[in-house]
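To start, the structure under review is shown below, and the notes come after it.
The values are calculated or read from the model by the stated rules, or taken from the named source; none is laboratory data. Treat the numbers as computed from the prediction; the structure is a model and nothing was measured. Protein only, heavy atoms only, side chains kept; ligands, DNA and RNA dropped before computing areas. Shrake-Rupley method; radii C 1.70, N 1.55, O 1.52, S 1.80 Å.
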Amino acid sequence: MRDIEIKDDMIRLGQLLKLAGLAEDGAHAKELLDADEVAVNGEPEIRRGRQVHPGDIVTVGPDEIRVASRR
């Protein structure tokens, strides 16, 4: 698991996937979500606009990231 730092209190899931390098762009993020490849805190997620917050854990296939605050 690796930490991905964000500067605000939340980030949209699609943006996080791009920031973490797990999606090349928004279209790729949508493909991952549509293919049921993404989970947030262990629950499957299909919404690209889902808000994730520091402490949330996002899983994409074998990759796992934890959202962390820069503050």
task: Only helical DSSP H runs with n ≥ 4 go in: add -39500 (n - 2.57) per run for the chain, normalise by residue count and round the 222 nm mean residue ellipticity to 500 deg cm²/dmol.
output: -6000 deg cm²/dmol
query: What list of ³J(HN,Hα) values in whole Hz, one per residue of the range 19-33 in order, does the Karplus curve 6.51 cos²θ - 1.76 cosθ + 1.60 (θ = phi - 60°) give from phi, with Gly and Pro shown as x?
result: 4, 7, x, 8, 10, 6, 7, x, 5, 5, 4, 5, 4, 4, 5
task: Could you pull out every residue, at least 5 positions away or on a different chain, whose amide H is within less than 5 Å of the one on residue 38? Hs are placed 1.01 Å off N in the peptide plane, and Pro or chain starts have none.
output: 45
task: Indicate the gyration tensor shape class of the chain (rounded, prolate or oblate), computed on the Cα atoms with a ≥ b ≥ c the square roots of the eigenvalues: a/c under 1.5 is rounded; otherwise a/b larger than b/c is prolate and the rest oblate.
output: prolate
- prompt: Residue-wise, which Karplus ³J(HN,Hα) couplings in Hz belong to the range 53-59, taking 6.51 cos²θ - 1.76 cosθ + 1.60, θ = phi - 60°, and x for glycine or proline?
  reply: 10, x, x, 6, 10, 10, 10
- prompt: Quick one: accessible area per residue over the chain, 1.4 Å probe, rounded to a whole number of Å²?
  reply: 61 Å²
